[in-house]
Every structure is written in structure tokens, then in C-alpha cells.
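A.B. asks: I have a structure here, written as C-alpha cells, and I will follow up with some questions on it.
The values are calculated or read from the model by the stated rules, or taken from the named source; none is laboratory data. Please read these numbers as outputs of a predicted model, since none were measured by experiment. So basically every Cβ, Gly included, is an ideal-geometry build from the backbone, and we count neighbours across all protein chains shown. Note: accessible area is taken over every heavy atom of the protein model, side chains too, but ligands, DNA and RNA are not part of it. Shrake-Rupley method; radii C 1.70, N 1.55, O 1.52, S 1.80 Å.
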Amino acid sequence: QVQLQESGPGLVKPSETLSLTCTVSGGSISNYYWSWIRQPAGKGLEWIGRIYTSGSTNYNPSLKSRVTMSVDTSKNQFSLKLSSVTAADTAVYYCARGPVNWGAFDYWGQGTLVTVSS
Amino acid sequence: QSALTQPASVSGSPGQSITISCTGTSSDVGSYNLVSWYQQHPGKAPKVMIYEVSKRPSGVSNRFSGSKSGNTASLTISGLQAEDEADYYCCSYAGSSTLVVFGGGTKLTVL
């Protein structure tokens, strides 16, 4: 069974860079797309972007200027960096597998809360 | 404001059927059979219930079904059970510019 686990600082200062890593276990990270999705408290889901194991990326146009994703297949990990954060970036951040052919996100991490505050 | 429109809440009694709508545009729901639905219980990660409009992943109850007509997709849950009480989100591919859009979510209450 594929499992995903997010890790990273739970508190980030305004204007700094949010950095998260997702570790995949129970299966290989290779030959799949991997995404980051966030959810502010009490609100809906927002797709941030996806990365293929070749390193090819697609980002949400509304966040594209601040987002960088990377993958480390040797560690079965992929990562998210979001720069110049503000309080509006406070959310639970999920990593997920997919979407394959833009179809669905089939495996999700448990989520990690990141708060932007000084 | 979310790109896809869902009712904020729906409710039903155990055993009944309910339908949650997800309205988009001709640029997303209307153009692609790439609508998926996610169930989210409080404090938990979302779980895919339907993908590609009407396909059910292995392990998902056949009480869950999906359909689409024009720019509106729908999730139907039949034989409502207490465990179905959760938030439900639709999601669609939206073309090469916007890529992925979610609905605002619908809170299902089982009375």
C-alpha cells in the first residue's frame, strides 16, 4: 500500500520561503505524477502543482511565480518550495499521487499545517 | 471563489439517496470527462470516490455513482449511511492554461 508523509516546518515567517517534503513508501516514486494540494482552515482544496519523476512540472497559474517543485528518486521524495509567503498561505498542505492523465489523485498524505506568522 | 460551483450543504436520512451537483463551464467540466469526486471526513485527508466522471476505484462502495450532463457533474450516494457524513469535493481538468480546478465543497449531513 502506497503511503505518503509530509514533513517540514509548521511555522514560517511572512516574506520567507515555505519548504515541504513528501516521502513516499510502499511503492516506487518512479513513473508517476506527484502533486501538492492545500486547504486553508474551513475552506476548500486548491491544487498547487504536480511533478513527474523526470522533473517535468505543471503549476497552478495563480501560484506559478512563487512555486518550485523538485523530485529525488533516490530518496523516494518530492518537495515544494513556496516563496514570499503571506498569511494567505496558511493552510494544511497535502501531498498526493497524480493526477494521472489529469484524472484523479489516488493516494494522499495525512497533511501538515503550515502557519505563516511572525 | 472556487472555479466549480457546489451547493454548500445537502442532507438526507439513512437509506435515502442524495445527489451533489458540480457546475463548471465549457472550459472544464463540459469539455473533458476528467471529473473526480473526493470524500473528506473532519481532520482527515480527502479520499477519491469517483474518477473520470463515473469510474469507481477499487474498494469504494457501489452506493457511490457519478455522472455528467453538459457543464454539470453529479455525485449520487444511494442507501445513505451515517458514515457517509462528510465533505465532498469535485475536481476537473480545465485545459492547458488553468489545468486543475476544485469545487468549493459540499457538507453532507445524514439526519
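A.B. asks: In terms of modelled amide H atoms, which long-range or inter-chain residues lie less than 5 Å from the amide H of B:T25?
C.D. replies: The list, which skips near neighbours in sequence, is B:G30.
A.B. asks: Turning to a different aspect of this structure: Please compute the Kirkwood hydrodynamic radius of the protein assembly as shown from all pairs of different C-alpha atoms, in Å with one decimal.
C.D. replies: One over the average 1/r among Cα pairs gives 17.9 Å for the protein assembly as shown.
A.B. asks: In addition: Past 24 Å, Cα to Cα: identify those pairs from A:K13/A:K81; B:K68/B:K107; A:K64/B:K44; A:K13/A:K64; B:K47/B:K107, in the order given.
C.D. replies: Listed pairs above 24 Å: A:K64/B:K44.
A.B. asks: Now for a different question. Check the cysteines of the protein assembly as shown one by one and keep only those with no other cysteine Cβ under 4.7 Å from their own.
C.D. replies: Cysteines lacking a close Cβ partner in the protein assembly as shown: B:C91.
A.B. asks: While we're looking at this one, here's another question. For the stretch A:24-35, take each phi angle, set θ = phi - 60°, evaluate the Karplus expression 6.51 cos²θ - 1.76 cosθ + 1.60, and give the result in whole Hz per residue in order, putting x for glycine and proline.
C.D. replies: Along the stretch A:24-35, the couplings run 9, 10, x, x, 7, 6, 5, 6, 10, 8, 9, 10 Hz.
A.B. asks: Oh, and also: How many angstrom separate the Cα center of the stretch B:37-87 from the Cα center of the stretch A:1-67?
C.D. replies: Using only Cα atoms to place each centre, the spacing works out to 23 Å.
A.B. asks: Can you work out the FRET efficiency for the pair A:T73 and A:S15, with r the C-beta to C-beta distance and R0 = 35 Å, to the nearest 0.05?
C.D. replies: E(calc), rounded to 0.05, equals 0.65.
A.B. asks: Taking every DSSP beta bridge that has both residues in chain B, what percent is antiparallel when rounded to the nearest 5?
C.D. replies: Bridges in chain B are about 85 percent antiparallel.
A.B. asks: Quickly estimate the mean residue ellipticity at 222 nm for chain B, helices only: each DSSP H run with n ≥ 4 gives -39500 (n - 2.57), and the total goes over all residues, rounded to 500.
C.D. replies: -500 deg cm²/dmol
A.B. asks: Please check chain A for the longest run free of trypsin sites (Lys or Arg not before Pro) that are loop-located per DSSP (anything but H, G, I, E, B) and have at most 14 other Cβ atoms within 10 Å.
C.D. replies: By the stated rule (loop sites, at most 14 other Cβ atoms within 10 Å), A:76-118.
A.B. asks: For chain A, what is the per residue volume of the convex hull drawn over the alpha-carbon atoms, in cubic angstrom?
C.D. replies: 97
A.B. asks: Another question, if that's okay. For the stretch A:75-118, with every protein chain kept in place, what is the accessible area per residue (1.4 Å probe, Å²)?
C.D. replies: About 39 Å² of surface per residue is accessible.
A.B. asks: In addition: Can you figure out the FRET efficiency of A:S83 with B:L111, using R₀ = 41 Å and their beta-carbon distance, to the nearest 0.05?
C.D. replies: Plugging the Cβ-Cβ distance into 1/(1 + (r/R0)^6) gives 0.30.
A.B. asks: Tally the DSSP beta bridges in the protein assembly as shown and give the antiparallel ones as a percent, rounded to 5.
C.D. replies: About 90 percent, rounded to the nearest 5.
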